[in-house]
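Asks: Let me give you the structure first, and then I'll get to my questions.
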Amino acid sequence: MLSTVITSGFFWRAVLAGGFLAVACGLLGVFLILRRDAMISHGLAHVAFAGVAIGLVLNFLPLVVSLLVCGAGSLFILKLKEQTKLPGDAALAILSSAGMALAIFLVSLRMNFGVELMGYLFGDVLAISPVEVWLSVALAFIVTITILVNYHQLLYMTFDRETARVAGVKVGNLDKILVILTAITVVLGLRIVGLLLVSALTVVPAASALQLSRSFHQALILSTIFSLTSILAGIVLAYLINLPASAGIVFLSIIIFLVIVGLKGLPRLSRR
């Protein structure tokens, strides 16, 4: 059975897509948590689902439509925050509610989407296409290069936004870049773990890394490692023991987080 799985094309497509997506999630997650934007991936997942529904209704490449809708939605969140002076979580809640409402309305018009719609809701690692693999590869490279090129500016604005603005850092442009990359990551993540769990891909590994790291650079590396471990191990377990990949990935990432938190608490208990 193991040899059959290893030699199957769909298995390696899932591993490649998941591995490169893990890199993007690991790097972006650290910035999102420290910027107090950890829930943006959850809100954008609802917007992405609206894009999927539009694509299914129009019978035109749901993934592409979702990328466009989610990208536009991420920019709209920034604009809404600037013009209304609403807190980020309020602007996000408004847009995510609108996205989910639109998705439910469109799905109610046509109830024959079946398995395809469920694949976006709960993830469908077996159905990853070569195009989605290449999109994941491109996303990982874009995120990595963007962070390397703008590392010091991103670091500056993450910890002291106003001072960074005064120092000449183009905070607005970097905000747009981060939310657009997050939107793309969320859309691709729908195919791995689905709408309901996609936010865990960016939040949990980064949270684990921040518990251990002693520097920002170390946090980025550890977050990527934890993300890779949970996603790749989750995919392998999905094939070996017939476990839903989405649940396996999230369970593993949470187990890593709980183990780290537990180990950090041991010295305190021993000193007592």
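Since every read-out is calculated from the coordinates, none of them should be taken as a lab result. In this text the structure is predicted, and so the values were computed from the model without any measurement. Quick reminder, even Gly has a Cβ in these numbers, built from the backbone with ideal geometry, and neighbours come from all protein chains shown.
Asks: Pick out the long, greasy-scoring helices in the chain: whole DSSP H runs spanning 20 Å or more along their own axis by Cα, mean Kyte-Doolittle at least 0.0.
Replies: 9-34, 40-58, 62-84, 88-109, 130-149, 171-193, 199-212, 216-240, 245-271
Asks: Using 0.36 nm per residue, how much length does the chain from I142 to F159 gain when fully extended, once their Cα-Cα distance is taken away?
Replies: Between I142 and F159, full extension yields an extra 3.8 nm.
Asks: Let me ask something else. What spacing in nm lies between the two simple spin-label points modelled at W12 and V259, each 7 Å away from Cα in the Cβ direction?
Replies: Taking the two extended label points, one gets 2.9 nm.
Asks: Select from segment 163-205 those trypsin sites (Lys or Arg not before Pro) which occupy a DSSP coil region and have at most 14 other Cβ atoms within 10 Å, ordered by residue number.
Replies: Answer in residue order: K170.
Asks: Take every Cα-Cα distance within segment 8-125, group them into 5 Å bins from 0 onward, and report for each bin the whole-number percent of pairs it holds.
Replies: With 5 Å bins starting at 0, P(r) equals 2, 11, 17, 20, 19, 15, 10, 4, 1, 0, 0.
Asks: Along the charge dipole of segment 2-261, which of F216, W134, N173 sits closest to the positive end, that is, farthest toward it, with unit charges on the beta carbon of Lys, Arg, Asp and Glu (+1, +1, -1, -1)?
Replies: Working it through, the farthest residue towards the positive pole turns out to be N173.
Asks: Just want to confirm a number: the relative contact order over the chain, from Cα pairs under 8 angstrom separated by 6+ residues, in percent.
Replies: 30 percent
Asks: Now for a different question. Taking a temperature of 10 °C and a viscosity of 1.306 mPa s, what whole-number D in µm²/s does Stokes-Einstein yield for segment 180-272 with Rh from Kirkwood over alpha carbon pairs?
Replies: Stokes-Einstein gives a translational diffusion coefficient of 113 µm²/s.
Asks: List the extent of the Cα atoms of segment 2-261 along each of their three principal axes, largest first, rounded to whole Å.
Replies: Taking the Cα atoms of segment 2-261, the three principal extents are 56, 43, 30 Å.
Asks: Nearest 0.05, what FRET efficiency do A127 and K176 give at R0 = 51 Å with Cβ-Cβ as r?
Replies: 0.95
Asks: For a label point 7 Å from the Cα of V64 along Cα→C-beta, name the residues of segment 126-159 whose backbone N is under 17 Å from it.
Replies: Those under the cut-off are 129-136.
Asks: What does the extension gain come out to for N242 and I221, with contour length at 0.36 nm per residue minus their alpha carbon separation?
Replies: 4.5 nm
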